[in-house]
1. Could you point to the label whose value was computed as volume of the Cα convex hull per residue in Å³ for the structure here, given [x] 260; [y] 127; [z] 207?
2. Obtain the nm distance between the two label points defined at residue 14 and residue 43 by a simple spin-label model: each point lies 7 Å from its Cα along the Cα-to-C-beta direction.
3. Can you give me the span-like helices of the chain, meaning DSSP H runs with 15 Å or more of Cα extent along the axis and Kyte-Doolittle mean at or above -0.5?
4. As a footprinting exposure proxy, order 167, 295 by other Cβ within 10 Å, with the fewest listed first.
5. Which shape class applies to the range 144-214: rounded if a/c is under 1.5, otherwise prolate when a/b exceeds b/c and oblate if not, where a ≥ b ≥ c are the square roots of the Cα gyration tensor eigenvalues?
6. Among 44, 161, which comes first, then next, by fewest other beta-carbon atoms within 10 Å?
7. Residue 260 versus residue 111, label points 7 Å from Cα toward the beta carbon: distance in nm?
8. So how far apart, in nm, are the two label points at residue 88 and residue 298 if each is 7 Å from Cα heading toward Cβ?
Amino acid sequence: MAEEVIEIKYTRAKFHRRLFANLVDILIFALLFVGCFIGFRSLVVNSSTYKTNEAQLVQIKRDSGIFINDPTGALRDVITVYNNDEALSMGQKKSKAINAINSFHNYVKEVCSNEIYQMIMTDYDEFRLEIKEGNKYYFVLENGEIKETGDFLESKYYQNVYAKYVDKYCQAYLIKYIPSYYDLTKYMSNMLIFVEIAPSYLIAGILTYLIPPLIFRKGKKTLGKALYKIGLVDSRLLNCTYPRFFARFAIFYFGELILSLLSFGLPYIVSFSIMVFSKKKQGFPDYMLGLQEIDTSKTKIYNSMEEIQLDQITPHRKPVDFTSVIKR
């Protein structure tokens, strides 16, 4: 008895259609992420615990002397405010920076132990006496008092001494030595990352990349892929199974995208390069799982050999990119 041969012939989806489909999905994901983030952000900032902690943090910043309100009313570090204020001369910026430093030292003296205060003051003296440009020092010690040598412009003293001290030293002292400041900033950061960003990312991803393929089961299509008639098949050229689809989602969403956010998009660039230059034009998750994105505008994706027989498939369709012959 002659062995029956079934041929499945598909056309691989063209690159520009796959690109546009991905862009549509990215746009949907971005809109969903922003919407979710706004919603979670609103819930967080209106909670009583958040308001209490935020008020405490704001009060510490104000009392420290190195944070002030900018023209818009936002609380910012003094150096950022002074740098953006074009009405101030360099001499005025320098004078205001010195006042901010003195206010910070007075604040430290009030809220910290005398040992910490003396250590910070010693560090400040050593910091000024060590700064030099070429063979010239910015400060000199005379009769037990540290004074400017006057060998540099006001802008040099402001930028290289006082602004630098506020940005690199005062900010660090605030975190390290001021009671509760570190805990409050950590609380704010945790709320932003774990309560606002992470859930928004998860929900947007599920709604964009997981739910639609569960609706468009033939080809496991996202909305972008459905719009451009692109489906997913496995190495048998049959409909992608759920285990492989979930594995693909996990590799793409929790591996490729998250690592891309932490490494300036490197994993996504590598995956995109594989899709552009590889023989079968597969992205990294598809390459790992043996999956292919095909054009479904004129062809149908099947779940099994039996479904093909029921549909009375013929072997006369013209292959374009790849062909698989499956024997039963």
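Each value in this text was obtained by applying a stated rule to the coordinates, not by laboratory testing. Here the structure is a predicted model, which is why all the values come from computation and not from measurement. Positions of Cβ are backbone-derived with ideal geometry, glycine not excepted, and every protein chain shown enters the neighbour counts.
1. Given [x] 260; [y] 127; [z] 207, the calculated one carries the label [z].
2. Reported label-point gap for residue 14 and residue 43 is 4.4 nm.
3. Numbers: long enough: 15-45 (44 Å, 1.64); 48-64 (24 Å, -1.16); 90-111 (31 Å, -0.63); 114-130 (24 Å, -0.76); 266-277 (16 Å, 2.02).
Result, helices passing both filters: 15-45, 266-277.
4. Working: 167 15, 295 19.
Ranking 167, 295 by Cβ neighbours within 10 Å, fewest first, gives 167, 295.
5. Numbers: a/c = 9.57, a/b = 2.70, b/c = 3.55.
Because a/c hits 1.5 or more and a/b fails to exceed b/c, the range 144-214 counts as oblate.
6. Values: 44 16, 161 21.
Ordered from fewest to most neighbouring Cβ atoms within 10 Å, 44, 161 come out as 44, 161.
7. Reported label-point gap for residue 260 and residue 111 is 4.2 nm.
8. 6.9
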